[in-house]
Structure formats: structure tokens, C-alpha cells
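*Asks:* So that we are looking at the same thing, I have put the structure below in C-alpha cells.
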Amino acid sequence: MIRLAIHGGAGDLALGTTDLTPHHSALQAIAARGYQALREGAPALDVVEQLVVELEECPLFNAGVGAVLSRDGMPELDAAIMDGQRRCGAVAGVTRTRNPIRLARGVMERSPHVMFIGAGAEALGRELGLEQVDPTFFITEERFHQLKIAQEKGVIVLDHDDDEFIDDESERAANAAADPGFGTVGAVAMDDQGQLAAATSTGGLTNKHPGRVGDTPIPGAGTFADNESLALSCTGTGESFIRAMFGQRVHGRMCWSGLDLQQACDEA
Ligand code: ASP
């Protein structure tokens, strides 16, 4: 039995009158490739990494190209990968490695550590021969515009929640139209050997303080996998997932309280 789920960020689309076809098409095409790979016997870990690379390359989502921007106008990218045997790798505050999820996998498999940040993470990326880019490579006009709105309002926001800080109804509708409401990306899979894996990548929150790290790169919070329970990739305000240690908490509810996935997530 194989299983696959991917996401491009979850948000309130109530005001979203925009045509979301490009987003849905991108997600469907990427998921279909992943499913095919799993059918052909690819390991879950390879599949989730590859799918997140594709999502990082797609400017529609808040990861890699098209990531949201920090207060100083620069992208700071976080990513993590984890397999069902609890091997994991994570990076935070990356600005130059083109695919942070590849760097996270490099941390997991080619270093003795679990998490790298900032300059040290970039240095590892260079050592591992991963493609490096100028930080401006990740910046899109839409994200620059979102940052300007956030700064005018003096708020820090999930990219898909930015209608929350706009007072005027018509302005809010216009903004919802400009922002189709997709964010952080992730993939979870189970391969034909029953192995689970999870991968998540994000630019974090619009107008975040430089140096802020969310839940995405924290194994056991925003990214989690354990063959005994589940593979998980979260999207939403990272601080909440960290405080809850969300992934580990869902795992605990499933393993020790006998809850199913939905009940465990609801409780956590
Ligand atoms: N969870 C991410 C963070 O807080 C944001 C998101 O899901 O869009 O960094």
C-alpha cells in the first residue's frame, strides 16, 4: 500500500475570488509525479524530497522562489525532512541555497548533526555542491507587495492570512484577489516497504523579524515522521505548532491513547 499527500499551505480562502486553477494544476501535476514514483517503488524519502523541490521551484507557493520576505526585505528559508526511523535534517535562515529541502537532506545524510542555521548552513550547502543563488533569486513582485502592506499595517502575518489586517472590505477583497492564499509547502508519503517520510519548506511569515525561525524546520513540531504512527507536514502560524510540539503530540496521542489520526490532530 502506498500513500501520498502534498500541500501548498492551508489558509482561509473565503474571500478568494481568484481563479485558483494554476495552483490546483501545479499541485495535481506534482502529486501525480510523486504517486507514479511511489508506484514504481521509489523510497518515500526520495519522493517527498523531490516533490518539495518542485514546490520550491514554483513561484505560486511560500517556499524557495516566491517565498515571503522578512522585515528587511530578504527571504530567509526554513526546511526539514524526516523519515519513519526518525532520521532527520533541518535548516533555518537559508538565503543562498536554491533548494533548502536538498540542504536539509544533506544535513540528515552527510553530516553528523540534525540542524544547521544561517551562514553555517550555507557553507554546508557549498561543501555539498548544492546550487547557490543570489538571495534576490527568491524574491517575486507579489511578495514585495505583500511585505509593503504588512509594514504599512505594522503586522507580521501568515502569507495567506494577510486579509486579516486590511480594514476596508473592498480593499480586502482586492487583496484576496491579488493573493490566492497558498503558503508553505510539504509532502508526506508511505512507500511500498511501509516506510514513512515527511518534508516541509517555507519562507515563514511576511514581515517576520530577521532570525525568526518557525515550526517547519523543527522535527517534532512542524515536520515529523515515525513508522509507528504518521508522517506530518504542518502549515499555519509556526509559534503555535512549536508550543504544542505538534508532531510529537499527535504521535503520542496515536501511540499511547489509541486515537486515530483525525482525533489525535484535533486534540493536539
Ligand atoms: N508554518 C510556517 C511558519 O510559521 C508558515 C506557513 O505555514 O505558511 O514559518
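The values are calculated or read from the model by the stated rules, or taken from the named source; none is laboratory data. Model, not experiment: these values are computed from the prediction. Virtual Cβ from ideal backbone geometry, glycine too; neighbours counted across all protein chains shown.
*Asks:* Give 79, 123 a once-over and let me know the one that is at pLDDT 95 or above, over 24 Å from residue 196 (Cα atoms) and not hydroxyl-bearing (Ser, Thr, Tyr).
*Replies:* None of the others qualify; the one that does is 123.
*Asks:* In region 67-91, how many are crowded, with 23+ Cβ neighbours inside 10 Å and within 15 Å of the ligand (Cβ to nearest atom)?
*Replies:* 12
*Asks:* Filter region 228-245 for residues that are of a type in the set (D, E, K, R) and more than 26 Å from residue 191 (Cβ to Cβ); which is surrounded by the fewest Cβ atoms within 10 Å (Cβ to Cβ)?
*Replies:* So the residue we want is 243.
*Asks:* Same structure, new question: Looking at region 225-268 only, could you name the residues that are of a type in the set (S, T, N, Q), farther than 27 Å from residue 205 by Cβ and not in a helix (DSSP H, G or I)?
*Replies:* Correct list: 227, 229, 257.
*Asks:* Additional query: Out of everything in region 203-218 that is out of contact with any Leu (no Cβ under 7 Å at 6 or more places or on another chain) and β-branched (Val, Ile, Thr), what residue ends up being nearest to residue 48 (Cα to Cα)?
*Replies:* For region 203-218, the residue satisfying everything is 216.
*Asks:* Taking region 213-237, which residues are farther than 23 Å from residue 47 by Cβ and at pLDDT 95 or above?
*Replies:* 213, 214
*Asks:* Anything in region 119-143 that is in a helix (DSSP H, G or I), free of Cβ contacts under 8 Å to residues at least 40 places away in the same chain and either touching a Gly at 6+ places or on another chain (Cβ under 7 Å) or crowded, with 16+ Cβ neighbours inside 10 Å (or both)? List them, or say none.
*Replies:* Result: 121, 122, 124, 125.
*Asks:* All but one of (1) at pLDDT 95 or above; (2) over 20 Å from residue 114 (Cβ atoms); (3) of a type outside the set (S, T, N, Q) hold for residue 205; which doesn't?
*Replies:* The single condition residue 205 does not satisfy is (1).
*Asks:* Sticking with this structure for a sec: (1) within 19 Å of residue 85 (Cβ to Cβ); (2) within 10 Å of the ligand (Cβ to nearest atom); (3) among the hydroxyl-bearing types (Ser, Thr, Tyr): which one isn't true of residue 202, the others all being true?
*Replies:* With respect to (1) within 19 Å of residue 85 (Cβ to Cβ); (2) within 10 Å of the ligand (Cβ to nearest atom); (3) among the hydroxyl-bearing types (Ser, Thr, Tyr), residue 202 is out only on (1).
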